[in-house]
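**Student:** Quick one: the structure is below, questions incoming.
The values are calculated or read from the model by the stated rules, or taken from the named source; none is laboratory data. Computed from a prediction, not measured in an experiment: that's the story for all the values here. Note that we place each Cβ from the backbone using ideal geometry, even for glycine, and neighbour counts take in every protein chain shown.
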Amino acid sequence: MTVEVKDVPEAKRYEARVDGQSKVAGIAEYIRTKEVVAFVHTEVEPEYEGRGIGSALVRTALDEARAQNLRVLATCPFFAAWISRHPDYQDLLYQSRSKVTD
């Protein structure tokens, strides 16, 4: 099985397709600024669950964020859990620079 992941900026998401099919097997939605990309939702079609589609989406999205020098805000639980299990991507996580406290 070959998974192809592609950024679709006009839809504000990454899309995964399997074996050259036109059907989208999974998506990772984001909000992007000049400095940060927030991953807000990841979804894999039921027939593709458990086949590495979600991991391919996350890895590609994070590799592209690194290449573009973007910090990552992982509000999507799947992204957050994946990053916590892959320490080599934790340096991408956004750290607030605000000194404001309650």
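**Student:** Just need a number here: residues in segment 89-102 that are assigned to a helix (DSSP H, G or I) and exposed (fewer than 13 other Cβ atoms within 10 Å of the Cβ).
**Tutor:** 2
**Student:** Test residue 59 against the stated conditions and say whether it is under 11 Å from the mean Cα position of the chain (by Cα), on the phi < 0 side of the Ramachandran plot and of a type in the set (Lys, Arg).
**Tutor:** On the way: under 11 Å from the mean Cα position of the chain (by Cα): yes; on the phi < 0 side of the Ramachandran plot: yes; of a type in the set (Lys, Arg): yes.
Against the criterion (under 11 Å from the mean Cα position of the chain (by Cα), on the phi < 0 side of the Ramachandran plot and of a type in the set (Lys, Arg)), residue 59 qualifies.
**Student:** Output the strands (runs of 3 or more DSSP E) that fall wholly within segment 1-74 and possess 1 or more residues being in contact (Cβ under 8 Å) with a residue 40 or more places away in the chain and aromatic (Phe, Trp, Tyr), or say none.
**Tutor:** Because the criterion is at least 1 residues that are in contact (Cβ under 8 Å) with a residue 40 or more places away in the chain and aromatic (Phe, Trp, Tyr), the strands (runs of 3 or more DSSP E) in segment 1-74 that meet it are 13-18, 36-44.
**Student:** Could you tell me which of the residues 26, 52 is buried (at least 20 other Cβ atoms within 10 Å of the Cβ), of a type in the set (Gly, Ala, Ser) and at pLDDT 95 or above?
**Tutor:** Result: 26 is the single residue among 26, 52 that is buried (at least 20 other Cβ atoms within 10 Å of the Cβ), of a type in the set (Gly, Ala, Ser) and at pLDDT 95 or above.
**Student:** Based on this model, can you work out whether residue 35 counts as more than 9 Å from the chain's Cα centre (by Cα) and either under 20 Å from residue 97 (Cα atoms) or of a type in the set (A, V, I, L, M) (or both)?
**Tutor:** Yes: the conditions hold for residue 35.
**Student:** Next up: Taking the residues in segment 60-88 that are closer than 14 Å to residue 28 by Cβ and among the hydroxyl-bearing types (Ser, Thr, Tyr) as candidates, determine which candidate is surrounded by the most Cβ atoms within 10 Å (Cβ to Cβ).
**Tutor:** Only one residue fits best here, namely 60.
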